[in-house]
Amino acid sequence: MFEGLRVSAFLAGKALQRGNKGTLVLTVMIIALVFVNLVFLPSIVAGVVVLFNQQSVNYNYGNLIVEPRENEQAITDAGVLTRRIERIPGVLAVSPRLTAGGTVTFQGTSLARSVIGIVPSEERRVTLTATRMIEGEYLSDGDTGATVIGKTIAGNEDPRLDTQDSLGGVRVGDSITVTYTNGVVRRYLVKGIFQTDSFSTDASVFVTRSELEQVTGRSDWASQLLVRTRTDGDEEAFRLRLYSYGVQETVKTWQEKSRGIIGDVTNSFAIINLISTVVSLVIAVVVIFIVVFINTVNRRRQIGILKAIGIEPRLIVHSYVLQVLVICAVGAVAGLLLLSGVVQYLTLYPLRFPGGPVLPVVELLQVVQSVASLFVVSAIAGYVPAWKVAGEEILEAIRG
Amino acid sequence: MITAEGLTRIYHMGAVDVRALGGVSFAIERGEFVGIMGSSGSGKSTLLHILGLLDQPTAGRLEVDGVNVLGLSDRERTRFRLERLGYVFQDYALISELTALENIYLSSLVRGASRDEYLRTAREILDEVGLGDRADHQQYELSGGEQQRVAIARALVNRPAIVFADEPCANLDSATSKTILDLFARLNRELGQTIVMVSHEDWHRRYFCRVINLKDGLVEGTEEQACVSHGDVPGGTKS
Ligand SMILES: Nc1ncnc2c1ncn2[C@@H]1O[C@H](COP(=O)(O)OP(=O)(O)O)[C@@H](O)[C@H]1O
Ligand SMILES: [Mg+2]
């Protein structure tokens with residue numbers, strides 16, 4: 001076995017050393033590009049997922065979401081529950097939110113929306129929306145008759161600039177009217193406009209919770225409590241901790257809340273990715289096959305001579321497979337260098353996606369998988385033509 | 001060393017059968033320098049291919065170095081060629097990517113020799129064929145005669161029981177041919193190397209101590225004779 005490897009390695013080494021350098025460099029380059037292609041798209045998908053996850057936590061949900069008990073409309077003792085959860089170790093802040101359905105109207109344009117009532121001082125400690133004001137300022141605890149809204153719903157006077165339904169260009173200082181489903185009608189001064197790049201948040205309307213309590217006539221109610229924990233990524237453990245501290249309401253993690261949307265996104269990307277992977281690997285297979293095929297056909301005679309002097313065909317085939325593996329290894333290293341260049345560039349000048357800037361995230365597993373699949377398909381693509389030629393009758397081969 | 005009985009080789013060319021060998025029998029002893037002679041198309045190469053285990057006869061029996069070689073598997077035949085036979089082709093058949101030295105020691109490396117061992121043996125043999133200073137040259141840097149001497153050195157490296165040579169001088173001018181034939185004669189005389197060589201050049205005849213004459217795939221006759229390597233005939237370069 002190892003005796004054989006010594007012979008194959010010797011033949012492969014000499015062929016690489018003294019063979020056609022142009023073909024060699026070209027093949028290595030193609031493998032490098034295939035490798036980049038295998039890793040690059042998944043790294044962008046991973047970047048999108050990371051961005052989306054950050055937005056989910058930072059603008060939509062915090063880490064955990066406490067919702068009403070089963071069969072109940074609301075959390076009816078929000079104050080007590082908020083204080084209780086705040087005291088649980090590892091919890092940073094809790095923001096009670098009360099929502100009410102209604103129709104938002106501005107200069108004749110109406111949109112159905114849930115209006116979210118928040119305690120601004122608490123909300124600031126859970127989400128980062130207050131830091132993303134592009135106009136005016138955020139709500140204060142005592143505000144009534146005031147609202148902050150997202151850039152998407154505020155919209156533009158020119159509807160062609162809007163990506164979704166909007167009120168057609170609301171500015172700070174304008175007034176909007178909300179007709180709640182219970183019949184109450186309120187006029188709010190727009191105090192600020194924010195842009196978080198999170199789709200759902202930028203389409204939202206915020207007022208203070210005390211304002212909504214007046215509208216609904218319910219005090220101390222909340223539709224949900226958003227919980228921020230000291231560490232990210234431990235949501236499952238924190239959920240159990242909340243239960244163990246006697247919370248009887250339903251506790252969800254942000255992952256559960258956003259699973260549907262991010263699932264759709266990743267599934268769509270997975271299909272694109274699969275197609276791209278298959279195309280890349282097919283290119284690698286075809287290139288390696290052609291290179292080895294031409295190589296072995298050109299050396300039919302030489303292969304015949306090697307067999308005539310007593311070298312087993314198996315060892316000759318292995319020498320070609322070894323050459324391919326060396327080409328792959330060098331190609332993967334070159335590809336890795338190329339990729340790190342691309343990643344560095346895209347970190348300095350990120351791709352602008354609708355959800356915000358996306359940084360490529362190269363995962364080690366992806367790299368290992370790509371290298372492994374490249375090696376496997378290339379080895380097979382090299383083996384087949386070498387095996388065909390090495391299996392020929394000696395005299396046929398030598399005759400040429 | 002070689003016992004052949006009724007060796008027959010028929011090529012099937014579509015509907016036509018070409019009988020290249022029509023039942024050839026002979027024996028060759030250890031240490032002999034035998035010439036297989038005959039006109040073009042008489043079946044010399046076909047016979048040598050079979051003796052050298054590069055081809056299989058359609059019928060017949062063949063014993064080489066005490067082994068019934070027709071009963072061997074593909075793998076055993078390959079091993080047998082490596083360890084016990086040397087083959088010299090008309091057109092040298094060197095591996096173009098390898099240097100002279102590498103061409104020579106390849107068979108030794110395949111056999112499992114250590115680096116020191118195969119380098120030493122290959123250098124010795126390269127000196128023996130008079131190309132000590134050409135060790136690192138590749139094929140394209142060597143003349144035809146030099147290439148053929150490298151090919152002979154390659155055939156010798158594993159100290160084979162028999163060396164076969166199929167018209168090794170056919171592509172060389174007569175002066176160069178003579179040095180090659182002298183080399184074979186010297187190997188036969190000094191090392192007792194058994195050599196079976198194919199030729200159709202009449203002036204080669206005096207190098208062979210025995211000649212098997214082939215005609216139309218049949219042995220026409222065998223003659224023992226005085227030869228250069230036994231010092232019976234002048235003309236060889238004495239070493
Ligand atoms: N591969 C082959 N297919 C068909 N016929 C062949 C083949 N090889 C040799 N022959 C025929 O066999 C006969 C003997 O050929 P060969 O042994 O090459 O003769 P020599 O070496 O004496 O010139 C010739 O008639 C030749 O045409
Ligand atoms: Mg011939």
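Points worth noting:
- In the set (1) away from chain B (no Cβ under 11 Å); (2) over 37 Å from the mean Cα position of the chain (by Cα); (3) not hydrophobic (A, V, I, L, M, F, W, C), the condition left unmet by A:SER276 is number (2).
- Complete set of residues in the stretch B:212-228 that are buried (at least 21 other Cβ atoms within 10 Å of the Cβ) and more than 16 Å from ligand 2 (Cβ to nearest atom): B:VAL219, B:CYS227, B:VAL228
- For the criterion of being within 12 Å of ligand 1 (Cβ to nearest atom), basic (Lys, Arg) and either more than 14 Å from chain A (Cβ to nearest Cβ) or within 14 Å of the chain's Cα centre (by Cα) (or both), B:ARG19 passes.
Rundown of residues vs (1) in contact (Cβ under 8 Å) with a residue 12 or more places away in the chain; (2) in contact with a strand residue (DSSP E or B) (Cβ under 8 Å, 6 or more places away or on another chain); (3) of a type in the set (A, V, I, L, M), yes/no style:
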site	(1), (2), (3)
A:ALA74	yes, yes, yes
A:ARG84	yes, no, no
A:PHE106	yes, yes, no
A:ILE118	yes, yes, yes
A:ARG124	yes, no, no
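- Residues of the stretch B:138-195 classified as surrounded by fewer than 18 Cβ atoms within 10 Å (Cβ to Cβ), within 16 Å of ligand 1 (Cβ to nearest atom) and either at pLDDT 95 or above or under 15 Å from the mean Cα position of the chain (by Cα) (or both), total: 1
- Residues in the stretch B:18-35 that are surrounded by fewer than 21 Cβ atoms within 10 Å (Cβ to Cβ) and within 15 Å of ligand 2 (Cβ to nearest atom): B:VAL18 only.
- Boolean, B:SER108 is closer than 27 Å to B:ASP202 by Cβ and either more than 16 Å from ligand 1 (Cβ to nearest atom) or surrounded by fewer than 22 Cβ atoms within 10 Å (Cβ to Cβ) (or both): no
- Test: B:ARG159 is away from ligand 2 (no atom under 16 Å from the Cβ), within 14 Å of chain A (Cβ to nearest Cβ), in contact (Cβ under 8 Å) with a residue 60 or more places away in the chain and of a type in the set (Lys, Arg): no
- Residue in the stretch B:75-86 that is within 11 Å of chain A (Cβ to nearest Cβ), assigned to a strand (DSSP E or B) and at pLDDT 95 or above present: yes
- 1 or more residues surrounded by fewer than 21 Cβ atoms within 10 Å (Cβ to Cβ), of a type outside the set (A, V, I, L, M, F, W, C) and assigned by TED's automatic domain parsing to the domain that holds A:GLN164: qualifying strands (runs of 3 or more DSSP E) within the stretch A:101-150: A:109-118, A:133-136
- The set of residues in the stretch B:162-176 that are outside any loop (DSSP other than H, G, I, E, B) and within 16 Å of ligand 2 (Cβ to nearest atom) comprises B:PHE164, B:ALA165, B:ASP166.
- Per the listing A:VAL291, A:VAL321, the residue uniquely more than 25 Å from A:GLN366 (Cα to Cα), among the β-branched types (Val, Ile, Thr) and buried (at least 16 other Cβ atoms within 10 Å of the Cβ) is A:VAL291.
Yes/no matrix, rows are residues, columns are (1) in a helix (DSSP H, G or I); (2) surrounded by 24 or more Cβ atoms within 10 Å (Cβ to Cβ):
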{"site": "A:ASP197", "(1), (2)": "no, no"}
{"site": "A:VAL207", "(1), (2)": "no, yes"}
{"site": "A:SER210", "(1), (2)": "yes, no"}
{"site": "A:VAL215", "(1), (2)": "yes, no"}
{"site": "A:ARG218", "(1), (2)": "no, no"}
{"site": "A:LEU225", "(1), (2)": "no, yes"}
{"site": "A:ARG228", "(1), (2)": "no, no"}
{"site": "A:THR231", "(1), (2)": "no, no"}
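- Here B:VAL67 clears all of (1) more than 16 Å from ligand 2 (Cβ to nearest atom); (2) surrounded by fewer than 21 Cβ atoms within 10 Å (Cβ to Cβ); (3) within 14 Å of another protein chain (Cβ to nearest Cβ) except the condition numbered (3).
- Flag for A:ILE303 being surrounded by 18 or more Cβ atoms within 10 Å (Cβ to Cβ), part of a helix (DSSP H, G or I) and within 14 Å of chain B (Cβ to nearest Cβ): yes
- A:LEU322 being over 27 Å from A:GLY47 (Cα atoms), out of contact with any Phe, Trp or Tyr (no Cβ under 7 Å at 6 or more places or on another chain) and away from chain B (no Cβ under 14 Å): yes
- Residue list for the stretch B:22-44, filter: more than 8 Å from ligand 1 (Cβ to nearest atom) and not in a loop (DSSP other than H, G, I, E, B): B:GLY22, B:GLY23, B:VAL24, B:SER25, B:PHE26, B:ALA27, B:ILE28, B:PHE33, B:VAL34, B:GLY35, B:ILE36, B:MET37
- Taking the criterion of being in a helix (DSSP H, G or I) and surrounded by fewer than 12 Cβ atoms within 10 Å (Cβ to Cβ), the only residue of the stretch A:244-258 that qualifies is A:SER244.
- Count of the stretch B:54-71 residues, restricted to those that are free of Cβ contacts under 8 Å to residues at least 40 places away in the same chain and more than 16 Å from ligand 1 (Cβ to nearest atom), is 6.
The values are calculated or read from the model by the stated rules, or taken from the named source; none is laboratory data. All values reported here derive from a predicted model rather than from experimental measurement. Note that we place each Cβ from the backbone using ideal geometry, even for glycine, and neighbour counts take in every protein chain shown.
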